[in-house]
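First the structure, in the form of structure tokens, and then the observations on it.
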Amino acid sequence: MRHNDASLMPLDDTDRLIINRLQDGFPLVSRPYAAAAAALGLDEDTLLARLDALLARGVLTRFGPLFQIERAGGRFVLCACHAPAERFDAIVDAINAFPEVAHNYAREHHLNLWFVVAIEFAGTLDDTLVRIAAAAGVPVLPFPKQREFIVHLRLEA
């Protein structure tokens, strides 16, 4: 993870409130940001601006829902490959060029590049993995989920 000077600036009380409260859920209504803002004692524009600023500073790396994509007919699959050091950046760029790739991270292991593939239709998984491997020029190993664990991780700001 990369940090910039802005991400190391202390959070104010409002940012802490936003981070701490929004980890507990988000309203499922026609104007969710307005409802969330009201519950925080803010207006919608302020909440949106604060979230944008937290994302821009790198305090938050992502803000959005987590889906159980299998219920909608899709799949998430953890994948790994060996990316030789001299080609590492090119392989990352090739993999990241696919909209199905949610994120990736380096590891200190022979399988040194791991990434998550999110597929809208489960039947397209094999074809997508073949295309990713061809573009990256390395074999891609899928590690499909065998069992789901729900971890309710909550980090206090």
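Structural remarks
- Unique match (being within 30 Å of Pro10 (Cα to Cα) and not charged (D, E, K, R)) among Leu42, Leu129: Leu42
Yes or no, residue by residue, for (1) in contact with a helix residue (DSSP H, G or I) (Cβ under 9 Å, 6 or more places away or on another chain); (2) of a type in the set (Val, Ile, Thr); (3) farther than 13 Å from Val77 by Cα; (4) exposed (fewer than 15 other Cβ atoms within 10 Å of the Cβ):
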site	(1), (2), (3), (4)
Ala118	yes, no, no, no
Phe121	no, no, no, yes
Leu125	no, no, no, no
Val138	yes, yes, yes, no
Phe143	no, no, no, yes
Phe149	no, no, yes, yes
His152	no, no, yes, yes
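- Top-ranked residue of region 34-45 - restricted to ones that are open to solvent by less than 50 Å² (accessible area, probe 1.4 Å) and not small (Gly, Ala, Ser), ranked as farthest from Ala122 (Cα to Cα): Leu42
- Any hit, region 59-75, residues being of a type outside the set (A, V, I, L, M, F, W, C) and assigned to a strand (DSSP E or B): yes
- Gly74 being without any contact (Cβ under 8 Å) to a residue 40 or more places away in the chain, under 19 Å from the mean Cα position of the chain (by Cα) and under 30 Å from Val140 (Cβ atoms): no
- The residues in region 57-97 that are farther than 29 Å from Ile18 by Cβ, open to solvent by less than 50 Å² (accessible area, probe 1.4 Å) and modelled with pLDDT under 95 can be counted, and the count is 3.
- Every condition in (1) under 19 Å from Glu156 (Cα atoms); (2) out of contact with any Ser or Thr (no Cβ under 7 Å at 6 or more places or on another chain); (3) surrounded by 16 or more Cβ atoms within 10 Å (Cβ to Cβ); (4) of a type outside the set (Gly, Ala, Ser) is met by Met9 except one, and the failing one is (3).
The values are calculated or read from the model by the stated rules, or taken from the named source; none is laboratory data. Everything numeric in this text was worked out from a predicted model, so none of it was measured. Glycine also receives a Cβ, built like all others from the backbone with ideal geometry; neighbour counts cover every protein chain displayed. Note: areas computed on protein heavy atoms with side chains; ligands, DNA, RNA excluded. Shrake-Rupley method; radii C 1.70, N 1.55, O 1.52, S 1.80 Å.
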